[in-house]
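Heads up: the structure comes next, in structure tokens.
Bear in mind that the values in this text are calculations on the coordinates, not laboratory data. Remember, predicted model here, so these are calculated numbers, not experimental data.
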């Protein structure tokens, strides 16, 4: 798995919070309100750009960002598989 990990441009706040931080709904909205998760408001929806949010979480460390991105992609895939089942 040496290729670049492909992430969607945006995901819902709740999906990002669960996959990246293992947060529930209340904690996710609180983190977004406190600007700890960078969000994009699209009408009534709150979206997160995973690459931007993960880069912020990595604090500028490229190796940490690479690991966070791979972990997020795997968890996102698992969440999608669980939703489809």
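Per residue, the convex hull spanned by the Cα atoms of the chain measures out at 100 cubic angstrom.
Per DSSP helix of 4 or more residues, -39500 (n - 2.57); summed, then divided by the residues of the chain. What does that give at 222 nm, rounded to the nearest 500?
Working: 4 runs with 45 residues, N = 85.
Result for the chain: -16000 deg cm²/dmol, rounded to the nearest 500.
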